[in-house]
Amino acid sequence: MKIIHTGDVHLGAAMRNLPTEKAKLRKAEISDTFRRLTIYARENGVGAVLIAGDLFDGNDVPTSLKQEIFSFIQAAKPVAFFYVSGNHDGGLSLSDGAPENFYVFSDARGWKSYDLQDGVTVTGIDSQYADESRYTRLALRPERYNILLMHGDTAYGGEKIPLTYLQNKGIDYLALGHIHIPTLTAERLDGRGHYRYCGCLEGRGFDECGKRGFFLLEVGGGRLLDEKFLSLSKREIVQRYADISACKTYFDVERAAEEALKTEPSGNIVKLVLRGSYGVGLRKDLSLLSERLNQRFFYVKVVDESRLAIDYRQFEADLTERGEFVREVGRYEMNEELRAEILEVGLKALCGEEIDL
């Protein structure tokens, strides 16, 4: 039996890191990625799709969006979809108007199980009901291949899932949502079972860089036969670095940025970080650089982490205001990072350049 483990789709989420028009397009793309996942499931003989919470980004979901998602799910029959709520959409009712191949766990207000073919059982609990007392009530049949579907954090935070409470319960695969980084190699739960996070289906912000997707599992004979990580993402969010230490002019900076991104697909969303130490007088002009790069890519955000490098000996005989300023700053004891920031702002001010604070 083929099973998809996905979650954290966050449909309807605002894309605040993008310009308005691209944010609207990105929201539509993420909905379309979920649509393509349902098509993939139907066309590739998948028996069940496990959605480990946060299908939607909140409880105030437009009816039109719910209907659209339900139409995707209904069109994927005979694939069965199993959904536990997450911390973002835990108060959202998805039972009204849902297609018959969409199964929820909220009506039980505790553990609920569904028996599938090939001896597979999916058991789950909505995140708002997973308190400590309910772990003692979890009872699974050891002769089944038991999948536990949950949303929460095994490490810390308010959505904590204590793994010790789930050990030696007969779990074969603990399908988790909430952490947006996929666990590419499943972690050992106990002598019988493993657990993993599916990660988000598509990256939305620069804290979600790298490939995102879902896991395709194949179960038979009471064991996991195969597992793959697959991606249907329209775009990837990446972080790249450009060293501007050797740059003397703005156009050198632009060339360094282009070199850092020369193999990057134009459809990606890029965070470009400028690094290195540069000399006095270098014009970086981040606004112009961003405008140029955004003509080539879906979206580029330029972040400047470079630092001004000062050779104080060069200013010993400089009788200008600039020389006096550099010498004065050099006399004080302070953190070198702070000194570099003061020098950069001060030298820009003396040259009449725009100051970004």
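The values are calculated or read from the model by the stated rules, or taken from the named source; none is laboratory data. Note that the structure is predicted; figures quoted are calculated from it, not measured. For neighbour counting, all protein chains shown are included, and Cβ atoms are generated from backbone atoms with ideal geometry for every residue, glycine included.
So here's what we get for this one:
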{"quantity": "Some residue of region 74-90 being farther than 30 Å from P142 by Cβ, touching a residue at least 24 places away in the same chain (Cβ under 8 Å), of a type in the set (S, T, N, Q) and not in a loop (DSSP other than H, G, I, E, B)", "calculated": "yes"}
{"quantity": "Members of region 54-95 that are farther than 21 Å from A108 by Cβ, small (G, A, S) and within 20 Å of the chain's Cα centre (by Cα)", "calculated": "G58"}
{"quantity": "Of residues in region 30-53 being in a helix (DSSP H, G or I) and among the β-branched types (V, I, T), the one nearest to the chain's Cα centre (by Cα)", "calculated": "I30"}
{"quantity": "Hits in region 98-125 (condition: outside any loop (DSSP other than H, G, I, E, B) and not aliphatic (A, V, I, L, M))", "calculated": "F102, Y103, S106, D107, K112, S113, Y114, D115, T121, T123, G124"}
{"quantity": "Selection count, region 247-276, where residues are surrounded by fewer than 17 Cβ atoms within 10 Å (Cβ to Cβ), of a type outside the set (D, E, K, R) and more than 27 Å from D207 (Cβ to Cβ)", "calculated": "3"}
{"quantity": "Test: residue in region 164-171 that is in contact with a Phe, Trp or Tyr (Cβ under 7 Å, 6 or more places away or on another chain), assigned to a loop (DSSP other than H, G, I, E, B) and of a type in the set (A, V, I, L, M)", "calculated": "no"}
{"quantity": "Residues of region 77-115 satisfying the condition of being out of contact with any His (no Cβ under 7 Å at 6 or more places or on another chain) and β-branched (V, I, T)", "calculated": "V79, V104"}
{"quantity": "Where a residue in region 108-131 is more than 14 Å from E143 (Cβ to Cβ) and its partner, wherever it lies, is buried (at least 17 other Cβ atoms within 10 Å of the Cβ) and of a type in the set (V, I, T), with Cβ under 6 Å and at least six apart", "calculated": "W111/T123; W111/I125; Y114/V122; V122/I147; G124/V84; D126/V84"}
{"quantity": "Selection from region 105-157 of residues that are under 18 Å from C198 (Cβ atoms) and among the polar types (S, T, N, Q)", "calculated": "T123, S127, N146, T154"}
{"quantity": "Any hit, region 26-39, residues being in contact with a helix residue (DSSP H, G or I) (Cβ under 6 Å, 6 or more places away or on another chain) and either assigned by TED's automatic domain parsing to the domain that holds L176 or closer than 23 Å to H5 by Cβ (or both)", "calculated": "yes"}
{"quantity": "Residues located in region 17-59, provided they are over 30 Å from N146 (Cα atoms) and in contact (Cβ under 8 Å) with a residue 60 or more places away in the chain", "calculated": "N17, L18, P19, K22, R26, E29, I30, D32"}
{"quantity": "Pairs where the first residue, in region 247-273, is touching a residue at least 24 places away in the same chain (Cβ under 8 Å) and over 21 Å from L18 (Cβ atoms) and the second is surrounded by 18 or more Cβ atoms within 10 Å (Cβ to Cβ) and of a type in the set (S, T, Y), C-beta under 8 Å, 6+ apart", "calculated": "C247/Y278"}
{"quantity": "Failed item in (1) touching a strand residue (DSSP E or B) at 6+ places or on another chain (Cβ under 7 Å); (2) more than 23 Å from D190 (Cα to Cα); (3) among the charged types (D, E, K, R), with R109 passing the rest", "calculated": "(1)"}
{"quantity": "Within region 126-160, considering residues that are touching a helix residue (DSSP H, G or I) at 6+ places or on another chain (Cβ under 9 Å) and part of a loop (DSSP other than H, G, I, E, B), the one nearest to G7 (Cα to Cα)", "calculated": "G152"}
{"quantity": "Some residue of region 285-293 being over 28 Å from G346 (Cβ atoms) and either assigned by TED's automatic domain parsing to the domain that holds C209 or touching a residue at least 60 places away in the same chain (Cβ under 8 Å) (or both)", "calculated": "no"}
